[in-house]
């Protein structure tokens with residue numbers, strides 16, 4: 001084994017992966033290489049965060065997608081034979097990881113929530129969720145390198161250390177790519193990042209009309225929190241942007257308080273709030289599964305309950 | 001012996017399940033409360049080919065067998081008994097009557113639009129003074145040139161207000177007794193046929209029921225179904241199919257009662273544990289599950305007999321008798337398991353209990369089924 | 001007129017899985033289904049064929065009992081299915097599935113466009129599509145929410161972390177689809193009945209190169225408990241106040 005590779009997409013994700021990689025580097029005695037995909041000027045910063053080597057990927061023309069770098073990464077990996085490659089479980093990270101893994105003929109643990117080095121068996125052990133979050137799957141690798149994608153915010157950002165430095169190496173240019181990017185539409189982040197939110201009010205299918213989202217917004221406002229939604233509301237009805245969709249296929253959140261309004265509580269959604277400190281729910285169906293996974297719940301029609309709730313909260317918060 | 005449905009039947013059940021989750025469950029409470037016939041839902045059922053499963057493709061159907069239709073009704077009724085029933089009587093009686101007894105022209109003209117779900121069929125037999133005692137009917141059809149002229153009043157006609165194609169039974173020769181009744185196909189809008197009083201019902205509320213009034217209603221000869229005088233025989237054949245359908249509807253109701261009881265009893269906590277751990281509740285559910293199994297076997301067996309081309313009057317009656325009584329018995333238990341929550345409007349078990357009652361009454365009461373069964377076994 | 005392949009997986013319907021007291025998954029009473037997003041892949045292939053012509057072959061890797069899944073796929077618009085089967089093809093890991101698919105597609109199924117779901121409902125590893133593209137040496141467009149075929153190219157709207165990206169690639173190409181790309185049909189009764197009459201090409205393990213060894217080994221699969229205490233309140237104003245008081249006590253309301 002020759003090193004741990006980190007292919008972070010940006011400063012934030014690279015910082016988190018350096019925490020994961022740092023722990024494993026300590027356990028295995030390996031060095032850490034960061035592959036710079038964007039932000040080529042950040043080499044020094046990454047040394048401070050724990051990188052020993054920077055591998056600089058070639059710059060691409062505007063209309064070439066980053067996936068064009070895959071042959072470069074695979075080629076370099078075949079030469080320098082790292083023992084572990086970590087990528088973020090983002091859209092691009094997932095595709096790149098799967099294709100690099102296929103190119104190297106190796107295994108990949110998608111969306112790893114725990115990564116460990118088993119010194120006795122000399123293998124990396126990882127954990128991930130399966131069956132919509134109902135089960136934890138534990139895997140080991142039979143091939144090298146071991147590879148994993150890690151969801152954003154699974155690890156805290158690595159702390160900066162003074163006086164660290166390392167080597168920088170440029171990787172060769174990619175072969176021509178048949179894929180062309182004709183247009184990029186940046187999603188306007190009209191909303192705050194929910195992963196930072198302390199209080200989240202989540203609208204579910206129990207909200208009957210788009211106008212009625214107002215009820216959820218007012219509650220969020222009274223609580224000083226943010227609004228979010230379940231998958232059908234963003235994906236089927238397009239009432240709210242995807243950034244606000246919580247769940248296995250959306251984002252995972254860790255608020256102090258989550259209140260679901262008319263959220264039924266399918267396991268795929270609950271998986272996204274499993275780390276919430278307090279889960280509360282308002283649903284008129286007392287059999288809704290969310291009551292099983294909530295700390296407290298109100299069985300009742302949200303249209304009647306929420307206005308009262310807002311009043312009580314305002315009183316309690318002295319508004 | 002093979003106790004398995006075919007893979008196609010299993011997939012069809014799964015597809016119907018998905019259909020009900022998407023299109024029926026969301027409106028089931030509303031159409032019950034408002035007694036509304038959901039036209040838009042029937043359009044979707046028609047698109048999916050659910051309105052003519054056992055009718056051959058050349059007559060607009062899906063070209064499957066009767067058991068497959070029964071499986072679909074079972075699954076549909078699990079979500080909404082009213083809708084399950086409407087499909088059941090449309091296919092099981094209206095479509096099957098033309099398919100079995102109609103002329104080639106009648107199949108093209110009346111069966112195909114029904115099997116495609118463009119027209120809804122209705123079975124017009126019961127009269128105010130003639131329920132189980134069919135022979136007490138008074139509606140007459142008098143031959144006049146090339147036409148028949150119908151006079152009389154029918155009642156409790158399912159799909160009466162919403163139907164397009166009516167199957168009307170009337171005396172052509174009262175003196176001939178059992179061989180004196182004939183059946184006629186009467187399209188909606190025929191002069192002299194009017195929809196009478198709409199009935200407000202205890203349950204099965206989105207299924208529309210009314211009187212049908214015939215005043216000098218002139219029907220051309222070509223709309224006579226089968227031979228003159230064969231009406232009663234055809235009505236009985238219609239009942240064999242229809243009763244199997246009611247058995248499927250009752251099975252669906254029973255399945256829903258079990259689904260709701262299991263779910264609720266596992267979640268409802270009293271005395272520090274889910275009530276499903278109380279033997280009193282657990283045993284109710286055990287009996288419910290056992291009767292459901294028996295109900296489904298009896299029902300599917302009757303449909304299987306039909307598909308084998310064997311006589312199945314006795315099997316249809318047994319299936320209907322057992323499943324409808326089991327549905328009633330267990331929906332009462334399901335409400336009991338739910339306690340006060342089961343007595344509230346909007347609770348599914350409340351609707352199930354109201355919907356179950358009619359299954360012991362229409363298309364032959366439980367008593368009538370016992371007459372058929374005892375007549376068969378004591379022969 | 002593209003020749004299309006839609007890949008699908010016949011998976012355990014997670015709604016039927018019970019978690020036993022020891023944390024083991026109880027699969028005794030499970031039913032199976034076509035993995036949710038694979039239905040979108042099948043639907044997209046059928047949709048493109050309805051608009052642009054061409055053909056659709058459904059391809060799956062699974063145990064020989066999965067015949068119902070093959071019929072289900074054929075009832076969703078494919079004209080033909082390739083059923084790659086072996087009793088050992090249960091719980092394959094993504095690299096194995098991709099290697100098997102690549103071997104079979106390369107050797108016997110002509111294609112211009114391969115459609116895969118974003119990920120499977122059971123493992124949701126989201127690897128098979130991109131891996132397959134890499135093994136076949138064709139471009140891959142993943143996480144696609146809108147797809148059009150224009151002549152010998154495809155135009156795809158991809159969802160990325162930053163927003164959207166419109167890409168074009170020449171065929172042959174592999175596309176993985178997101179669930180919002182379409183609404184899968186509920187097959188009609190007739191569709192289901194006709195499915196049994198369509199051609200199913202069986203491919204057996206003996207016809208494949210050796211892919212028996214997984215790259216990734218699952219050492220355990222344990223149920224997780226998401227249960228919480230679940231204190232209940234009614235909608236009475238007094239109860240709503242008690243609810244808010246509880247939030248205050250728990251220190252989450254400031």
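The values are calculated or read from the model by the stated rules, or taken from the named source; none is laboratory data. Note that the structure is predicted; figures quoted are calculated from it, not measured. Glycine gets a Cβ as well: all are built from the backbone with ideal geometry, and neighbour counts include every protein chain shown.
Applying the condition of being in contact (Cβ under 8 Å) with a residue 24 or more places away in the chain and under 21 Å from residue C:227 (Cβ atoms) to region B:258-267 and asking which residue is surrounded by the most Cβ atoms within 10 Å (Cβ to Cβ) yields B:264. May I ask you to list the residues in region A:45-72 that are assigned to a helix (DSSP H, G or I) and within 12 Å of another protein chain (Cβ to nearest Cβ)? Result: A:66, A:67, A:68, A:70, A:71. For residue C:33, indicate whether it is modelled with pLDDT of 95 or more, outside any helix (DSSP H, G or I) and away from chain A (no Cβ under 11 Å). Yes.
Scan C:192, C:160 and give me the residue that is at pLDDT 95 or above, touching a helix residue (DSSP H, G or I) at 6+ places or on another chain (Cβ under 6 Å) and either within 8 Å of chain A (Cβ to nearest Cβ) or within 30 Å of residue B:49 (Cβ to Cβ) (or both). Sole residue among the options that is at pLDDT 95 or above, touching a helix residue (DSSP H, G or I) at 6+ places or on another chain (Cβ under 6 Å) and either within 8 Å of chain A (Cβ to nearest Cβ) or within 30 Å of residue B:49 (Cβ to Cβ) (or both): C:192. If you go through region A:268-280 and keep only what is touching a helix residue (DSSP H, G or I) at 6+ places or on another chain (Cβ under 6 Å) and either more than 7 Å from chain C (Cβ to nearest Cβ) or more than 14 Å from residue A:292 (Cα to Cα) (or both), you end up with A:268, A:271. Scanning region C:59-101 for residues that are within 14 Å of another protein chain (Cβ to nearest Cβ) and assigned to a strand (DSSP E or B) gives C:81, C:83.
Okay, residues lined up against (1) crowded, with 21+ Cβ neighbours inside 10 Å; (2) in a helix (DSSP H, G or I); (3) free of Cβ contacts under 8 Å to residues at least 40 places away in the same chain:
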{"residue": "B:280", "(1), (2), (3)": "no, yes, yes"}
{"residue": "B:286", "(1), (2), (3)": "no, yes, yes"}
{"residue": "B:289", "(1), (2), (3)": "no, yes, yes"}
{"residue": "B:295", "(1), (2), (3)": "yes, yes, no"}
{"residue": "B:303", "(1), (2), (3)": "yes, yes, no"}
{"residue": "B:306", "(1), (2), (3)": "yes, yes, no"}
{"residue": "B:314", "(1), (2), (3)": "no, yes, no"}
{"residue": "B:319", "(1), (2), (3)": "yes, yes, no"}
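The residues in region A:287-296 that are within 9 Å of chain C (Cβ to nearest Cβ) and closer than 21 Å to residue A:231 by Cα can be counted, and the count is 4. The lone criterion from (1) surrounded by fewer than 16 Cβ atoms within 10 Å (Cβ to Cβ); (2) in contact with a strand residue (DSSP E or B) (Cβ under 6 Å, 6 or more places away or on another chain); (3) more than 7 Å from every other protein chain (Cβ to nearest Cβ) left unmet by residue C:220 is number (3). Taken together, the criteria exclude residue C:186 from residues that are farther than 23 Å from residue C:77 by Cα, more than 9 Å from chain A (Cβ to nearest Cβ), assigned to a loop (DSSP other than H, G, I, E, B) and under 22 Å from the mean Cα position of the chain (by Cα).
Residue count for region B:324-353 satisfying the condition of being within 21 Å of the chain's Cα centre (by Cα) and farther than 19 Å from residue B:377 by Cβ: 13.
Is one or more of the residues making up region B:159-171 at pLDDT 95 or above, more than 21 Å from residue B:235 (Cβ to Cβ) and surrounded by fewer than 20 Cβ atoms within 10 Å (Cβ to Cβ)? Yes - at least one qualifying residue is present in region B:159-171. Checking each residue in region A:135-151 for being in contact with a strand residue (DSSP E or B) (Cβ under 6 Å, 6 or more places away or on another chain) and at the interface with chain C (Cβ under 7 Å from one of its Cβ atoms) picks out A:135, A:136, A:137, A:138, A:139, A:140, A:141, A:142. I want to confirm something. Restricting to region C:201-217 and keeping residues that are more than 7 Å from chain A (Cβ to nearest Cβ) and in contact with a strand residue (DSSP E or B) (Cβ under 6 Å, 6 or more places away or on another chain), which single residue is surrounded by the most Cβ atoms within 10 Å (Cβ to Cβ)? Residue satisfying both the conditions and the ranking: C:203. Farther than 26 Å from residue B:297 by Cβ and either touching a helix residue (DSSP H, G or I) at 6+ places or on another chain (Cβ under 6 Å) or touching a residue at least 24 places away in the same chain (Cβ under 8 Å) (or both), is that true of residue B:85? When the stated conditions are applied, residue B:85 does not pass them.
Going residue by residue through region A:299-314, is there one that turns out to be surrounded by fewer than 20 Cβ atoms within 10 Å (Cβ to Cβ), touching a residue at least 12 places away in the same chain (Cβ under 8 Å) and at the interface with another protein chain (Cβ under 7 Å from one of its Cβ atoms)? Scanning region A:299-314 turns up at least one residue that is surrounded by fewer than 20 Cβ atoms within 10 Å (Cβ to Cβ), touching a residue at least 12 places away in the same chain (Cβ under 8 Å) and at the interface with another protein chain (Cβ under 7 Å from one of its Cβ atoms).
Evaluation of residue B:358 against the conditions (1) surrounded by fewer than 24 Cβ atoms within 10 Å (Cβ to Cβ); (2) touching a residue at least 24 places away in the same chain (Cβ under 8 Å); (3) out of contact with any helix residue (DSSP H, G or I) (no Cβ under 7 Å at 6 or more places or on another chain); (4) part of a helix (DSSP H, G or I) shows that the sole unmet condition is (1).
To keep it simple, each residue is scored yes or no on (1) within 14 Å of chain C (Cβ to nearest Cβ); (2) surrounded by fewer than 21 Cβ atoms within 10 Å (Cβ to Cβ).
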{"position": "B:23", "(1), (2)": "yes, yes"}
{"position": "B:36", "(1), (2)": "no, yes"}
{"position": "B:43", "(1), (2)": "yes, yes"}
{"position": "B:47", "(1), (2)": "yes, yes"}
{"position": "B:52", "(1), (2)": "yes, no"}
{"position": "B:55", "(1), (2)": "yes, no"}
{"position": "B:61", "(1), (2)": "yes, no"}
{"position": "B:68", "(1), (2)": "yes, no"}
{"position": "B:89", "(1), (2)": "no, no"}
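Annotation: of all residues in region C:102-121 being in contact with a helix residue (DSSP H, G or I) (Cβ under 6 Å, 6 or more places away or on another chain) and within 10 Å of another protein chain (Cβ to nearest Cβ), the one that is surrounded by the most Cβ atoms within 10 Å (Cβ to Cβ) is C:118. Looking for something assigned to a strand (DSSP E or B), under 19 Å from residue C:234 (Cβ atoms) and facing another protein chain (nearest Cβ under 7 Å) - is there at least one such residue anywhere in region A:242-260? Checked region A:242-260: no residue is assigned to a strand (DSSP E or B), under 19 Å from residue C:234 (Cβ atoms) and facing another protein chain (nearest Cβ under 7 Å). When each of A:121, A:169 is tested for being away from chain C (no Cβ under 13 Å) and not in a helix (DSSP H, G or I), the lone residue that passes is A:169.
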